[in-house]
Amino acid sequence: MSATTSAPARARVSGRARGLGRWRRRRATATTATATATGVDGRVDDALDWTHTTVMKFGGSSLADAARVREVGAIVRSFPEETPVVVLSAMGKTTNDLLRAGELALRCDGDHETIETMEPLVATYEKIQARLAPRPGQGPAVRVVTGFLGRGIKTGAVCTLGRGGSDLTATVIGKALGLEEVQVWKDVDGVLSADPREVSNTVPMPFLSFQEATELAYFGAQVLHPHSMRPAMDSGKLAVRVKNSYNIRAPGTVIGHKRAEDLHKDWLLTSIVRKKNVTMLDITSTRMLGQYGFLAKVFNIMATNGISVDVVATSEVSVSLTLDPSKLWERDLAKEELEKLKLDFENDGIANVAVSSGHSIISLIGNVERNNEIMERAFRALGSKDIKVKMVSQGASKTNISLLVNDSQGADAARAIHAEFFE
């Protein structure tokens, strides 16, 4: 007896998967102003009634269990001179667990397969967590705000902001209150020079520009979500300080508007970040020579297939692209979509396409105006470990150089470059 699935059942499962996928890629824009400033009881105005001095945002790792929740209360109490708004994410990996529960439920026979079903499910725990949070002691009450949920302006329905929504909540509130600093409490001593899980002897950066922090976040560093930095950047004066809830005496990293040149004058790089599981497309065509609009055709096909591009490098007859793994591999039928993408190029006679997977992007964030020196030292370090670079790209932001290597050599590449620049 073969294990087959009926067409109606496949359609139901596919529809549900698409619904969940749409939820994962939902917006963090239109509902920001109202949804992010919503307190436990769902009202916005009350959160702005008092004279607040800072926003203290605590992530899931800082709220991993009941003991950590009590310690967060102790941290808030340890700054009696502050009148904070406290923003809480869900405890530990609760959001992931709720999403997993939703995925399992979608596999059951039922009619609830829209993204609206997922909103109240994911929103549930942060409301409970905000109520569970300990009161920080006597004196004025402390406003505790749920991290990434609120209510729609017109419908009043539960609305979430997706991944990074708690960081966005903190900076939106900080901007609305006219503050000079928002504190984001994590489990490391600020923004580090590399991922401590792969590289030893990492050091915290005392200061980063918003541009550097945005590049780090985009290429995978656990700093702040890129969307969350926009309110701080727009405010003109709001800075974000990343601190360690396990080591409150550490000064942390200040992410601000102006680069502290005296802190960076001796450093070529501020951080190294690795993005894994990257797919590369090599698009080759002699029709590129002297032809107008070739790249426009390439990106039009990418847009038609709904595929996001990370890094681009071009030559006279070829274009190399890397695809964002976080946006590609969460999708259903990813391999089939890549095959379709390849056929779209070849059937239209535009180019021949080679698809290869299993790569890592090593992004070097820092003073790229001195890129000749950075490249020389980086390639010397990689050459000493016999690590081959398959692609090089410099970002338009002038703060990032990206190198593509095999995944199997990605961690060694990050360690070799870190040793060259920081050790």
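For Asp282, the conditions (1) touching a strand residue (DSSP E or B) at 6+ places or on another chain (Cβ under 6 Å); (2) at pLDDT 90 or above are fulfilled apart from (2).
Here is the figure for region 231-255: residues that are under 22 Å from Asn367 (Cα atoms) and not in a loop (DSSP other than H, G, I, E, B) total 8.
Going by the conditions given, is Gly174 on the phi > 0 side of the Ramachandran plot, modelled with pLDDT of 90 or more and not β-branched (Val, Ile, Thr)? So Gly174 fails the test. Looking across region 175-216 at every residue that is over 30 Å from Ile417 (Cβ atoms) and in contact with a helix residue (DSSP H, G or I) (Cβ under 7 Å, 6 or more places away or on another chain), the one that is surrounded by the most Cβ atoms within 10 Å (Cβ to Cβ) is identified as Val182. Give the residues of region 368-406 that are among the hydroxyl-bearing types (Ser, Thr, Tyr) and within 13 Å of Thr322 (Cβ to Cβ), sorted by residue number. If the condition is that a residue be among the hydroxyl-bearing types (Ser, Thr, Tyr) and within 13 Å of Thr322 (Cβ to Cβ), then Ser393, Ser402 are the ones that fit. Among the residues of region 150-174, those identified as small (Gly, Ala, Ser) and surrounded by 22 or more Cβ atoms within 10 Å (Cβ to Cβ) are Gly150, Gly165, Ser166, Ala170, Gly174. Output yes when any residue across region 153-165 is touching a Lys or Arg at 6+ places or on another chain (Cβ under 9 Å) and at pLDDT 90 or above, and no when none is. For region 153-165, residues touching a Lys or Arg at 6+ places or on another chain (Cβ under 9 Å) and at pLDDT 90 or above: absent. A single member of Gly410, Gly358 is more than 17 Å from Glu212 (Cβ to Cβ), outside the structural domain of Leu192 (by TED's automatic domain parsing), in contact (Cβ under 8 Å) with a residue 40 or more places away in the chain and buried (at least 20 other Cβ atoms within 10 Å of the Cβ), and it is Gly410. Looking only at residues in region 384-407 that are free of Cβ contacts under 8 Å to residues at least 60 places away in the same chain and under 24 Å from Leu208 (Cα atoms), the one that is surrounded by the fewest Cβ atoms within 10 Å (Cβ to Cβ) is Ala396. Of all the criteria given as (1) buried (at least 17 other Cβ atoms within 10 Å of the Cβ); (2) at pLDDT below 85, the one not satisfied by Gly349 is (1).
Being farther than 26 Å from Thr83 by Cβ, in contact (Cβ under 8 Å) with a residue 12 or more places away in the chain and in a helix (DSSP H, G or I) is a description that applies to Gln211.
The values are calculated or read from the model by the stated rules, or taken from the named source; none is laboratory data. Just so it is clear, the model here is predicted, and its values are computed rather than measured. Note: ideal-geometry Cβ built from the backbone for every residue, glycine included; neighbour counts use all protein chains shown.
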